[in-house]
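Shown next, in structure tokens, is the structure this report addresses.
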Amino acid sequence: MIAAIAAIFAVAAIVGIKTWFDISPVTESLTLDPADIRKVQIRDRNGQPLSVTYQNNWNYHDYALLHEIPKLLQQAFIVTEDKRFYEHGGVDWPARFHAFFQNILAFRGVRGASTITEQVIRILHPRPRTIWSRWVEGFEAANLEKKFSKDKILEFYLNQVPYAAQRRGVVQAARYYFDRDLDTLSTGEMLALAVIVRAPARLDLKLGAERAKGRVLQIAKRLLEAGMISHAELESVNRDDLILNRPATQAQASHFVYYMYNRGISPHHFRGGKLLTTIDSSLQSKVQSIIDNRLKDLQPRRVTNGAVLVVDHERGEVLAWVNSGDFSPDIPGSQIDAIITPRQPGSALKPFLYGLALETGWTAATLIDDSPLVGQVGQGQHFFHNYSHQNYGLLRLRDCLGNSLNIPAVKTIQFVGYKKFLQRLHLLGFNSLKQDAGFYGDGLALGNGEVTLFELVQAYTALARRGAFRPLSLVMDDESAPERKAYTQEVASVITDILSDPKARALEFGNDNLLGFPMHTAVKTGTSTDYCDAWAIGFSHRYVVGVWMGNLDRRPMQGITGSIGPALALRSVFAELNRDEEGSALYLSPHLASVEICQLTGKLATADCPSLHEWFISGHLPADKCAMHSGQTGKDLMTAAEIRNAVRLEQPTPGLMLAMDPRIPDDVEAFPLQLPRRLPVEKIQWIVDGIIVGTTTENIHRFLWPLVRGQHIAQARVWIPGKTEPMETPPVDFIVK
């Protein structure tokens with residue numbers, strides 16, 4: 001007898017000690033710690049999910065406070081799971097003993113009798129489902145109820161109770177099964193959520209709602225007896241089927257979501273496991289449809305990929321980040337984010353170049369010579385030409401930029417300097433241009449460096465924001481970097497006015513083209529070499545939109561330019577943006593002066609001139625009247641400073657290396673020495689190695705020099721009309737092999 005008692009005490013002691021060791025401490029809080037989040041959920045500016053993740057241990061993203069959960073739904077869970085929830089201290093002993101005897105009589109486990117508090121313990125401290133686990137959970141449940149209120153425990157439970165398909169909590173379940181928020185659920189739908197938690201896999205409504213319908217009706221009758229629902233509600237539960245709805249399709253933003261995860265998310269940017277971004281999911285979906293449909297139309301022209309970036313430049317926020325196809329397995333390259341992939345921008349950089357020229361002293365009326373041009377590329381030469389292969393002679397800067405002419409752009413970068421231009425592009429956020437200035441040379445004016453659509457749109461916001469550059473924001477209420485001045489308001493205004501002037505682009509694009517938008521909009525296109533990239537960028541009083549099209553495997557398109565491919569998509573996006581917007585003019589600085597000038601010479605107009613009004617920055621107004629239409633000769637059209645700049649050899653270029661062609665007799669091979677065609681001349685002496693090798697007369701700007709192998713120095717001695725003494729060009733070294 002004594003031995004038996006001792007054995008009982010020994011067993012009790014062992015059980016007590018093991019219980020003491022196995023009981024886990026009560027959690028300090030039932031409020032979730034953001035530090036435990038494995039993956040933040042990305043949401044749009046209105047709180048709509050752009051990403052869905054069920055990889056976290058807890059439901060951080062769809063948490064509802066108890067007062068936000070319908071009372072009937074709370075009561076349904078209590079009736080089905082723990083009818084004495086508000087009475088017990090963590091363990092419902094009567095229910096547990098009743099379940100114990102039922103299981104003995106059935107010779108198997110037919111009932112569990114776990115309270116809601118014990119289920120919370122099971123969520124907090126997952127263990128194998130054994131009798132010992134149930135024993136320990138009872139003690140932990142009692143400790144939990146001593147520390148937290150019933151309402152707090154119920155709230156945690158309703159938000160973390162597991163459902164099928166890795167969903168947790170009633171909010172996720174309601175959206176998964178019915179695509180509805182809690183306060184819109186019917187009585188039957190609320191009861192269904194309470195029923196299926198007992199066996200989420202077996203009673204999953206996706207596998208057949210009829211499995212749960214009988215149990216739902218049973219719970220409804222119990223609620224009627226308790227006075228929690230009416231007879232009419234019971235009848236509706238009995239009559240109405242449980243209709244499942246597929247969750248609404250999310251905006252396609254996979255590339256944006258991946259970019260946000262990849263760039264790293266600072267903890268102070270998100271709350272409750274949610275990151276509120278600047279994306280507008282409704283606009284995202286509409287722009288996605290626009291670009292996908294446009295690319296479908298262009299498939300016969302071998303165009304596969306496209307991207308669109310939409311920005312609110314007033315707030316500096318990205319509203320839409322769209323890639324065509326969005327990871328579609330049927331579209332080659334759709335897994336690549338074209339918004340952050342460097343590509344050649346073609347002419348899209350020209351507005352920034354001409355803005356720099358305006359700062360350096362030129363005006364919108366400055367004449368630039370659009371004549372055939374040969375430029376140096378390394379130790380060789382490149383023949384520049386315009387897209388149309390036409391040359392227009394002397395043109396005002398306004399027309400050169402508006403028509404996106406290449407030769408004037410090259411002459412402009414030669415005026416401002418490619419090093420200075422690259423520095424300005426870096427100021428505008430073009431971080432993809434990582435080579436030194438000499439690597440790009442004058443070709444930078446034509447977009448020979450690769451930039452991203454993100455960088456391009458971000459830079460255009462500086463023009464839209466009156467010359468002020470600010471990095472774009474992707475997160476709501478983010479502390480953005482301070483503004484920095486990229487251009488003066490006056491320079492930005494003149495460039496904006498040119499880009500929004502349909503007449504300025506008429507030479508190359510015609511009077512009726514896709515770039516003339518109904519609402520006041522500045523527009524620029526770009527096309528890279530061999531039609532590999534086509535761009536269209538535009539900005540209104542509020543928005544900047546950039547569109548890129550091409551092939552991410554770098555195959556050329558079939559004749560698609562910025563004005564043919566992306567321009568129509570750009571129009572469609574702006575039509576969507578302007579649908580509910582009142583029209584407003586682009587900003588024009590009040591400090592600009594409007595002056596009547598001659599269309600042909602850019603000088604002050606006389607009564608005989610074909611004239612127009614041009615905007616000028618203070619201090620840069622034209623001082624001379626037009627000479628062309630006042631009886632003077634064209635020789636006087638150039639200023640002394642313009643003549644000094646023009647007295648230089650266009651050919652050869654410094655360091656040029658020429659090779660004699662073995663297929664041509666040496667005595668007939670020649671190379672043209674050349675001066676700018678715009679330069680008025682009476683006579684030129686052509687000098688090689690200090691010897692006059694030829695003389696040309698009035699307005700003849702080139703001389704064919706017979707090739708001679710060796711190192712040489714070329715110069716020209718030039719007589720300008722009205723000047724008594726000749727001017728000499730700087731010497732140029734070159735080699736003939």
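The values are calculated or read from the model by the stated rules, or taken from the named source; none is laboratory data. Being a predicted model, the structure only gives us computed values, none of them experimental. When we count neighbours, we look across all protein chains shown, and the Cβ atoms used for this are built from the backbone with ideal geometry, even at glycine.
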Open item on the list: If K524 meets every condition in (1) assigned to a strand (DSSP E or B); (2) among the charged types (D, E, K, R); (3) surrounded by fewer than 19 Cβ atoms within 10 Å (Cβ to Cβ) apart from one, which number is that one?
Closed with: (3)
- [ ] Note down all Cβ pairs under 8 Å where the first residue falls in region 664-675 and is surrounded by 12 or more Cβ atoms within 10 Å (Cβ to Cβ), the second is acidic (D, E), and they're at least six residues apart or on different chains.
- [x] E669/D661; Q674/E650; L675/E650
TODO: Of all residues in region 690-737, count the ones that are assigned to a loop (DSSP other than H, G, I, E, B), under 52 Å from the mean Cα position of the chain (by Cα) and touching a residue at least 40 places away in the same chain (Cβ under 8 Å).
DONE: 3
Open item on the list: Suppose the filter is crowded, with 19+ Cβ neighbours inside 10 Å, under 19 Å from the mean Cα position of the chain (by Cα) and either of a type outside the set (S, T, N, Q) or assigned to a strand (DSSP E or B) (or both); does L309 pass it?
Closed with: yes
- [ ] For region 316-340, name all the residues that are surrounded by fewer than 16 Cβ atoms within 10 Å (Cβ to Cβ) and either in contact with a helix residue (DSSP H, G or I) (Cβ under 7 Å, 6 or more places away or on another chain) or at pLDDT 95 or above (or both).
- [x] F327
Open item on the list: Among the listed residues M557, M519, identify the single one that is touching a His at 6+ places or on another chain (Cβ under 9 Å) and part of a loop (DSSP other than H, G, I, E, B).
Closed with: M519
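Here's the yes/no breakdown for (1) in a loop (DSSP other than H, G, I, E, B); (2) surrounded by 19 or more Cβ atoms within 10 Å (Cβ to Cβ); (3) in the same structural domain as E68 (by TED's automatic domain parsing):
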residue	(1), (2), (3)
Q172	no, yes, yes
R180	yes, no, yes
D183	no, no, yes
E189	no, yes, yes
R198	yes, no, yes
K206	no, no, yes
R215	no, no, yes
Q218	no, no, yes
K221	no, no, yes
TODO: Search region 181-203 for residues being more than 12 Å from L242 (Cβ to Cβ) and in contact (Cβ under 8 Å) with a residue 24 or more places away in the chain, and hand back the single one that is farthest from the chain's Cα centre (by Cα).
DONE: R198
Task: Among the candidates L433, L425, residue that is within 21 Å of the chain's Cα centre (by Cα), assigned to a helix (DSSP H, G or I) and in contact (Cβ under 8 Å) with a residue 12 or more places away in the chain - done: L425
Task: region 499-520, residues that are surrounded by fewer than 22 Cβ atoms within 10 Å (Cβ to Cβ), under 23 Å from I617 (Cα atoms) and touching a helix residue (DSSP H, G or I) at 6+ places or on another chain (Cβ under 9 Å) - done: D501, P502, K503, A504
Open item on the list: Between R294, R315, which is out of contact with any Leu (no Cβ under 9 Å at 6 or more places or on another chain) and either touching a residue at least 24 places away in the same chain (Cβ under 8 Å) or not small (G, A, S) (or both)?
Closed with: R315
TODO: Could you tell me whether I69 is surrounded by 15 or more Cβ atoms within 10 Å (Cβ to Cβ), at pLDDT 70 or above and either under 30 Å from M228 (Cβ atoms) or not assigned by TED's automatic domain parsing to the domain that holds A165 (or both)?
DONE: yes
Open item on the list: Condition check: among the small types (G, A, S) and crowded, with 23+ Cβ neighbours inside 10 Å. Does A464 satisfy that?
Closed with: yes
TODO: Please tell me if A593 is within 20 Å of D497 (Cα to Cα) and either surrounded by fewer than 19 Cβ atoms within 10 Å (Cβ to Cβ) or not assigned by TED's automatic domain parsing to the domain that holds Y531 (or both).
DONE: yes
Task: Filter result for F509 (in contact with a Gly (Cβ under 8 Å, 6 or more places away or on another chain) and at pLDDT below 95) - done: no
- [ ] Give V573, V544 a once-over and let me know the one that is surrounded by 24 or more Cβ atoms within 10 Å (Cβ to Cβ) and part of a helix (DSSP H, G or I).
- [x] V573
